[in-house]
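The structure appears right after this line, and notes come after that.
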Number of protein chains: 2
Amino acid sequence: MRAAVLSDGRMIVRDDLPEPVPGPGQVLVEVKACGICGSDLHFATHGADMLAASADLEGMPDMDIDLAGDVYMGHEFSAEILDAGPGTEAPAAGTLVTSVPVLISPGGIDAIVYSNTTVGGYAEKMLLSAPLLLPVPNGLSAAHAALTEPMAVGLHAVNASRIEPGEAALVVGCGPVGIAIIAALNLRGVKTIVASDFSPTRRALATTMGAHLTLDPAADSPFHQCQPAVVFEAVGAPGVIDDILRRAPAGIRLVVAGVCMQPDTVHPFYAVTKQINIQFVFGYDPTEFANSLRAIAEGEIDVAPMITGTVDLDGVGTAFDELSSPDRHCKILVTP
Amino acid sequence: MRAAVLSDGRMIVRDDLPEPVPGPGQVLVEVKACGICGSDLHFATHGADMLAASADLEGMPDMDIDLAGDVYMGHEFSAEILDAGPGTEAPAAGTLVTSVPVLISPGGIDAIVYSNTTVGGYAEKMLLSAPLLLPVPNGLSAAHAALTEPMAVGLHAVNASRIEPGEAALVVGCGPVGIAIIAALNLRGVKTIVASDFSPTRRALATTMGAHLTLDPAADSPFHQCQPAVVFEAVGAPGVIDDILRRAPAGIRLVVAGVCMQPDTVHPFYAVTKQINIQFVFGYDPTEFANSLRAIAEGEIDVAPMITGTVDLDGVGTAFDELSSPDRHCKILVTP
């Protein structure tokens, strides 16, 4: 079978990969759509940094990945069931499903994110865990179902913020994570959603997805134009957290959803003086993932405006390049 | 009257200062005891940095202080009432009081912390605000009443942490702030209080004040020896926050009570991966201040072991020097 893999920092296509064989509790699926995540771009560029930081980190499992080998990626997928492993109860063949990107094997639990062995969604076929499968309801398309995962990231960030509808929110950065946060804030009934981004295209998408006011930080500090109770950092670049600490009103809650891979400089004095709370967030829990699918399938969140491109496996490398320009794309789907 | 003032980075005594005159709503008091706070030492050394950081900071009032002039300090005081301003209702002369370090004047509200004009507790006499006075109850000594303020800092940090008695706490740094946190954790009924400091003297005091286990971080990482739910950072030096993010278990709540004045380097990746919450804290509210006085006066917190020295105004400069050595002192009181 075919798959796009990360090889020596570039996405290339392998034509002759063995088809995965489902074990007990697993299903073989045909990938219908898989979104390209910003973290995949990050990993392609800064994978060595991430692995080094991960190795330094105590209290978390190691990321056991060899960058000299092919790396499978793709964790925002929808897929159709082809076959089930021995003695495995699963939805019927042909059922469209999605799942949290986790594969349960006799050897343990593997994240379907970056791996030398566990195939992800940038492939014709992959394995999923039968107990984790969520059938896609309401005739939702495979393309829209593939947005379940990134929208769950926004839902989790907003849940972690404990924001109340009457509290004003500022979302800094309107890439896919910022947009998912805006959609989740809107779903929660937050009455003042302000979004900030340098790109006019992204600001327009923010408005479409539920922002009540958009700001260009090149024109003036967002904090001169709004007084948020909760700030969502969805950029993930060095310097952004410190800039928020310096400019934000006292007492804000800052939710950091961007993933800055590099060391970053902050002034603790700013945060202490203002008694700021910072909640760092990552991923989502299975309930949030299921709620994300439900909200999309029931039309509470319309993800259609986020999909700005579709490519086949041969187009993944070019798509990675194009996504580095924020003005052109939000989410590109791979349809293997 | 006499006062110890910061002049050109050193504490010196002025002998010929005019006695302050209480206005309406103010009282003139004779200072009985005033603790030397680590923040005063910091300001003496890094005052210019703090003023520069404060000037950069948006959303907070400016610190309008001229380091070329004398700076009054001393915000951990108890005092005896001498006289009240015109038409001012106040406790009788001779009453021992304490107060949050704030002076209300016709011109506005001034912090009694660092000022070129508002005299603090390193002086024979000072002004206080009648509505903010708390008479010292239960015959509590002036020396112990002066600990109300630093113990309120610990109470506030612990309240902000929302720690439950069954959650394990690790206190990193056993200077006066760490010790106040340990006392407040003990008062809250927290069943596992672990304290970490390089100094054996400070570790012994931590045990006296309520720590159940003390650790020397030079021997091994505290996180190899305990699994706290809540970590209190009470050091305030560069690098400590990042070290905690790197070593702590996933999901901890980190309360930053230390005040690092310099820029600091952190890896947001560590905090994101572990979904850490950081609550930066500062000061206390008036209720916490009153509760601190009550807890000391009712014997719930015994502050006696914290007082390791007493000096008069002429000894303030030497006391500042001695406090830089953690092995000798916790709290030195000035008795003008």
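Some points to look at:
- Top-ranked residue in the stretch B:247-300 [being part of a strand (DSSP E or B) and without any contact (Cβ under 8 Å) to a residue 60 or more places away in the chain; ranked as farthest from the other protein chains (Cβ to nearest Cβ)]: B:Leu254
- Exactly one residue out of A:Ala123, A:Ala130 is assigned by the TED database to the domain that holds A:Cys37, more than 22 Å from A:Asp40 (Cα to Cα) and surrounded by 17 or more Cβ atoms within 10 Å (Cβ to Cβ), and it is A:Ala130.
- Of the residues making up the stretch B:327-336, those that are farther than 21 Å from B:Glu80 by Cα and either without any contact (Cβ under 8 Å) to a residue 40 or more places away in the chain or more than 16 Å from the chain's Cα centre (by Cα) (or both) are B:Asp327, B:Arg328, B:His329.
- The stretch A:228-246, residues that are free of Cβ contacts under 8 Å to residues at least 60 places away in the same chain and closer than 24 Å to B:Ala52 by Cα: A:Pro238, A:Gly239, A:Ile241, A:Asp242, A:Asp243, A:Leu245, A:Arg246
- One residue from A:Pro176, A:Pro249 being closer than 30 Å to B:Asp264 by Cα, buried (at least 24 other Cβ atoms within 10 Å of the Cβ), outside the structural domain of A:Arg328 (by the TED database) and not acidic (Asp, Glu): A:Pro176
- Residue in the stretch B:63-70 that is within 14 Å of chain A (Cβ to nearest Cβ), closer than 30 Å to B:Glu30 by Cβ and not basic (Lys, Arg) present: yes
- All of (1) more than 22 Å from A:Gly283 (Cβ to Cβ); (2) of a type outside the set (A, V, I, L, M, F, W, C); (3) touching a helix residue (DSSP H, G or I) at 6+ places or on another chain (Cβ under 8 Å) hold for A:Tyr114 with one exception: (1).
- Members of the stretch B:220-234 that are in a loop (DSSP other than H, G, I, E, B) and crowded, with 20+ Cβ neighbours inside 10 Å: B:Pro228, B:Ala234
- Single unsatisfied condition, A:Gly108 versus (1) outside the structural domain of A:Pro22 (by the TED database); (2) on the phi > 0 side of the Ramachandran plot: (1)
- Where A:Asp321 falls short, out of the listed (1) within 16 Å of A:Pro200 (Cα to Cα); (2) modelled with pLDDT under 95; (3) in a helix (DSSP H, G or I): (1)
- Residues within the stretch A:324-336 that are in contact with a strand residue (DSSP E or B) (Cβ under 9 Å, 6 or more places away or on another chain) and either part of a helix (DSSP H, G or I) or under 14 Å from A:Cys37 (Cβ atoms) (or both), tallied: 6
- Taking the stretch A:212-234 as the range and being within 11 Å of chain B (Cβ to nearest Cβ) and either in contact with an Asp or Glu (Cβ under 9 Å, 6 or more places away or on another chain) or among the small types (Gly, Ala, Ser) (or both) as the test, the residues that pass are A:Ser221, A:Phe223, A:His224.
- Contacts under 9 angstrom Cβ, first residue in the stretch B:43-58 being over 16 Å from B:Gly9 (Cα atoms), partner in a loop (DSSP other than H, G, I, E, B) and small (Gly, Ala, Ser), 6 or more apart: B:Glu58/A:Ser221; B:Glu58/A:Ala248
- Evaluation of B:Arg188 against the conditions (1) surrounded by fewer than 24 Cβ atoms within 10 Å (Cβ to Cβ); (2) over 24 Å from B:Arg253 (Cβ atoms) shows that the sole unmet condition is (2).
- Number of residues in the stretch B:235-246 that are crowded, with 22+ Cβ neighbours inside 10 Å and either more than 7 Å from every other protein chain (Cβ to nearest Cβ) or among the small types (Gly, Ala, Ser) (or both): the value is 4.
- Condition met for A:Gly59 (out of contact with any strand residue (DSSP E or B) (no Cβ under 9 Å at 6 or more places or on another chain), assigned to a loop (DSSP other than H, G, I, E, B) and either within 14 Å of chain B (Cβ to nearest Cβ) or more than 30 Å from A:Cys260 (Cβ to Cβ) (or both)): yes
- Tally, over the stretch B:190-219, of residues that are within 19 Å of B:Gly236 (Cα to Cα), part of a loop (DSSP other than H, G, I, E, B) and either touching a residue at least 60 places away in the same chain (Cβ under 8 Å) or out of contact with any Ser or Thr (no Cβ under 9 Å at 6 or more places or on another chain) (or both): 4
- Against the test of being within 30 Å of A:Ala290 (Cβ to Cβ) and among the hydrophobic types (A, V, I, L, M, F, W, C), the options A:Ala53, A:Ala33, A:Ala68 yield a single qualifying residue, A:Ala33.
- One residue from A:Pro18, A:Pro22 being farther than 17 Å from A:Ala319 by Cα, touching an Asp or Glu at 6+ places or on another chain (Cβ under 8 Å), at pLDDT 95 or above and in a loop (DSSP other than H, G, I, E, B): A:Pro22
- Subset of the stretch B:63-110 (residues that are outside any loop (DSSP other than H, G, I, E, B) and free of Cβ contacts under 8 Å to residues at least 24 places away in the same chain): B:Gly108, B:Ile109, B:Asp110
- Within the stretch A:17-56, the only residue that satisfies the criterion of being within 14 Å of chain B (Cβ to nearest Cβ), within 17 Å of the chain's Cα centre (by Cα) and aliphatic (A, V, I, L, M) is A:Met50.
- Residue that is surrounded by the most Cβ atoms within 10 Å (Cβ to Cβ), among those in the stretch A:24-55 that are within 17 Å of A:Ala79 (Cβ to Cβ) and of a type in the set (Gly, Ala, Ser): A:Gly35
The values are calculated or read from the model by the stated rules, or taken from the named source; none is laboratory data. Everything numeric in this text was worked out from a predicted model, so none of it was measured. Every residue, glycine among them, receives a Cβ derived from its backbone with ideal geometry; neighbour counts consider all protein chains shown.
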